[in-house]
1. Give the residue from A269, A192, P92 lying farthest towards the positive end of the charge dipole for the chain; charges sit on Cβ (+1 for Lys and Arg, -1 for Asp and Glu) and the dipole is referred to the Cα centre.
2. Let a ≥ b ≥ c be the square roots of the eigenvalues of the Cα gyration tensor of the stretch 128-273; is it rounded (a/c under 1.5), or, if not, prolate (a/b larger than b/c) or oblate?
3. Along the stretch 239-246, what does the Karplus equation 6.51 cos²θ - 1.76 cosθ + 1.60 (θ = phi - 60°) give for ³J(HN,Hα), rounded to whole Hz, x for Gly and Pro?
4. Restricting to Cα pairs below 8 Å that are 6+ residues apart, what does the relative contact order work out to for the stretch 206-303? Please round to a whole percent.
5. So how many Å³ per residue does the convex hull of the Cα atoms of the stretch 311-427 work out to?
6. How high is the relative contact order of the stretch 72-117, in percent, with contacts defined as C-alpha pairs under 8 Å that are six or more residues apart?
7. Would you grab the residues whose amide H sits under 5 Å from the one on R221? Only those 5+ places off in sequence or on another chain, please, with H modelled 1.01 Å from N.
8. Considering only Cα-Cα distances, which of the following residue pairs are longer than 20 Å: K99/K144; K229/K371; K113/K177; K267/K394; K395/K423; K256/K395?
Amino acid sequence: MKVLILGAGLSGLSVAAGLKRDYEIVEKDDACGGLCRSSRVNGFTFDRAGHVLHFKDESNIRLADSLLGCNIVRHKRRSLVCAGRDLFIPYPFQHNFLKMPPEIARECLDGLKEARRKTRAGHYLRSRSFKSWVLETFGQGIAKHFMVPYNEKFWLYPLGTLSAQWARGLVPVPRLKDLKGAGAAENVGYNAWFWYPRSGGMQAIVRSLEKRVKRVRTGWRPRSIDLDKKEVFFSNGRGMRFDRLVSTIPLPELCKIIRPLPAEVAKAASKLRYISVFNINLGISGKINTDAHWIYFAQKDIGFYRMCVPTNIAGSLAPSGCSSLCFEFSYSKDNPIDKNRAIDGIFSGLEKAGLPIEPRNVLVTDIQDIKCGYCVYDRHREAALKIISGYLEKKNVFLAGRYGRWQYSSMEDCMAEAANIAKVAST
């Protein structure tokens, strides 16, 4: 009888590292790390989509230092928004739209002023949709030229059906007094500064956490869970008993393998939605013509919503004279993606943005297809979560991580939540 942790990604390993009692930790894949794993291919190191560490709490900075020591570097964000061919303005758009062509800048400023007259900036209501929040907070111009097209491209759901709850603390809201003049306002938002390993990619933090936990049983995929008997059976034919269960696996998948599961809970789980991320990493010879860490693309005729340049963060991620690029595409069951065309579309998309690369310069292609990329905050999510988490809490099940808790959270959030879970589960 012990604590059983399902999943050895960042959250699962962090829980295990903080526990003060006996535990077992199992992972369905053949290695630890989850989405924080990095691949080493022909001298290039690729993460699974763009990952950086953001810290708001001093204790988490100390934790990262203890894990990575001198192998962590603090960076000031260099992030851009592509506003047209050869036209890039600093991110966030809503703080830097005065750098747009004069007629667009005026439209955005007038819209923002009008929005300020109608509603108090940053005022959230639970019943308000994300689209109405955007219009009431930023006005028609900013909504038209970035906020609406970008988020429609990213979320793939009508913005009027999404809640604004996820945006709290993530989407910065400008003050009118900050917009006097056209100087760049870059040092705003939760990720204005970030940390990243000097070498080894984001898996460096996973390797360090692994040293703090006992052996992880890899290749153990949970097949069924009986919460009354406190037993889990795995696809390898083995089973385990527990007195407390910590799950980091996606919440809908957890509910599918709990048997028996009350009908009300099963119905709630069926209402949870997510978008998938098709991530294409390229290793190229030479450099791409930008010093940005990442760039956002709202244009409908460019398939990827974000391009990251990891070697602008850590040169060790590629051989000398080479660069690595990361392209992220959203897709869902109702909005599938032609993955072959997505790869070909990278080159035409970069050409349209004024950042061309030659296909012949591509040395390595690494593809990561992330089924559960982002939890969708629609009108069903909050009520469904209340039913599911209420049931699981009564059964002594702790939910951890972005997908276990079914929320939009950063790596720092996951590590902090894991530390709290470890304290409670240790008693």
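1. A269
2. oblate
3. x, 9, 9, 8, 10, 9, 10, 10
4. Once divided by the residue count of the stretch 206-303, the mean separation gives 16 percent.
5. On the way: hull volume 20.3 nm³, N = 117.
Cα-based convex hull of the stretch 311-427, divided per residue, equals 174 Å³.
6. Details: 30 pairs, mean separation 9.3, N = 46.
Normalised by residue count, the contact order of the stretch 72-117 is 20 percent.
7. When sequence neighbours closer than 5 places are left aside, the close amide H contacts are S235, N236.
8. Details: K99/K144 16 Å; K229/K371 31 Å; K113/K177 11 Å; K267/K394 18 Å; K395/K423 18 Å; K256/K395 16 Å.
Check vs 20 Å cut-off fails for K229/K371.
The values are calculated or read from the model by the stated rules, or taken from the named source; none is laboratory data. What you see is a predicted model; the values in this text were computed from it and never measured. Backbone-built Cβ (ideal geometry, glycine too); neighbour counts: all protein chains shown. Protein only, heavy atoms only, side chains kept; ligands, DNA and RNA dropped before computing areas. Shrake-Rupley method; radii C 1.70, N 1.55, O 1.52, S 1.80 Å.
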